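The values are calculated or read from the model by the stated rules, or taken from the named source; none is laboratory data. Quick caveat: nothing in here was measured; it's all calculated off a predicted structure. Quick reminder, even Gly has a Cβ in these numbers, built from the backbone with ideal geometry, and neighbours come from all protein chains shown.
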Amino acid sequence: MKKLLCAVALFAVTLFSAVALGGCKPGEAFVEYKLSEDGTYYIVDKVSGDKLGLNEYAVPETYSDEEGGQALPVKEIGYEAFYECYELSKITLPETIEKIGDRAFAKCAFSQFIIPESVKEIGFAAFGLCERLTEITVPQSVEKLGALAFYCCSSLEKAVVKANITILNERVFYNSVASQGGNVFTDTALTEIYLPASLQKIEVVMLRNRLASALDGNFLTDIYFAGSEKQWDDMYFFQTVKKEGKEDEYEEKKHEKSLFIGEKVNIHYNVEF
């Protein structure tokens with residue numbers, strides 16, 4: 001049985017007009033922790049109480065229960081742990097964190113975020129819809145970068161991917177948002193991206209009757225690639241499709257880079273970052 005623990009954090013809530021709320025009350029947010037299944041570390045589980053009261057937070061390196069139990073490392077930011085903390089503008093993670101779970105920081109308010117070098121895994125949509133985030137570096141320690149990890153981060157201008165990954169998964173930096181008409185897309189500010197030499201392929205999916213890549217919806221002018229020109233030439237975009245005549249078997253369908261990267265985008269090779 002998992003053990004659920006709670007750490008209390010008090011912050012000043014954003015003040016709204018008395019007319020709108022009928023008076024101003026201080027917010028109280030509770031950051032809850034739970035013990036891992038094997039009992040060797042803690043996981044940041046969720047924020048309860050008034051989420052709008054959480055403006056900033058520092059995750060501790062170790063945690064122990066209120067009964068004075070043994071202090072254990074905090075290694076994971078759990079599923080939707082800080083999801084929809086709309087006023088969370090500053091958060092600090094310790095070097096003990098190894099995993100950032102699915103949608104862990106989706107819809108938060110920070111403009112900057114430092115991912116520790118200890119992190120090995122970033123989950124699905126972990127930073128999705130963080131609309132104030134302007135710059136991000138994915139450290140070399142990361143071995144898994146989930147689909148839609150930075151989906152619709154509309155203020156993102158620069159992304160540096162040092163991660164030891166071979167595949168840039170589905171819509172990692174996808175930022176096209178369809179209008180109500182469905183044909184007009186609003187692009188984001190991302191103009192430059194840095195990609196690791198380990199990268200071999202970039203995933204695309206069929207979305208609203210069009211192929212969408214991990215880089216779609218950005219004003220890219222420059223791609224900085226840590227590998228050689230030959231490595232870049234060998235890299236390809238792919239779509240996972242069913243094998244013809246097979247019920248449950250799939251294969252890769254390759255696509256030319258020119259379908260997803262415009263002629264005006266400058267490619268830089270052997271870049272150190």
Those residues of the stretch 217-227 which are of a type outside the set (Val, Ile, Thr), in contact (Cβ under 8 Å) with a residue 40 or more places away in the chain, farther than 16 Å from residue 201 by Cβ and not in a strand (DSSP E or B) amount to 217, 220
Return the residue satisfying two criteria in turn: it lies in the stretch 176-202 and is more than 19 Å from the chain's Cα centre (by Cα), of a type in the set (S, T, N, Q) and in a loop (DSSP other than H, G, I, E, B), and of such residues it is modelled with the lowest pLDDT. 183
Got a sec? Which of 78, 69, 53, 101 is free of Cβ contacts under 8 Å to residues at least 12 places away in the same chain and not assigned by TED's automatic domain parsing to the domain that holds residue 138? 69
Cβ pairs under 9 Å, 6+ apart, first in the stretch 107-131 and assigned to a strand (DSSP E or B), second of a type in the set (S, T, N, Q): 112/134
Do you know which residues across the stretch 132-151 are on the phi > 0 side of the Ramachandran plot and in contact (Cβ under 8 Å) with a residue 40 or more places away in the chain? none
When you look at residue 44, is it of a type in the set (A, V, I, L, M) and within 18 Å of the chain's Cα centre (by Cα), yes or no? yes
For the stretch 121-133, name all the residues that are buried (at least 16 other Cβ atoms within 10 Å of the Cβ) and under 20 Å from residue 92 (Cβ atoms). 121, 122, 123, 126, 127, 130, 133
Could you count how many residues in the stretch 203-216 are in a loop (DSSP other than H, G, I, E, B) and more than 18 Å from residue 150 (Cβ to Cβ)? 2
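Say we look at the stretch 229-273 and pick out the residues that are part of a helix (DSSP H, G or I) and of a type in the set (A, V, I, L, M, F, W, C); which of these is modelled with the highest pLDDT? Break it down stepwise before answering.
To start, the set of residues in the stretch 229-273 that are part of a helix (DSSP H, G or I) comprises 229-234, 257-259.
Filter once more, so that each one left must be of a type in the set (A, V, I, L, M, F, W, C): 232, 259.
Working: 232: 98, 259: 91.
For the stretch 229-273, the residue satisfying everything is 232.
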Suppose we keep only residues that are more than 14 Å from the chain's Cα centre (by Cα) and among the hydroxyl-bearing types (Ser, Thr, Tyr) within the stretch 74-97. Which one would you say is surrounded by the most Cβ atoms within 10 Å (Cβ to Cβ)? 96
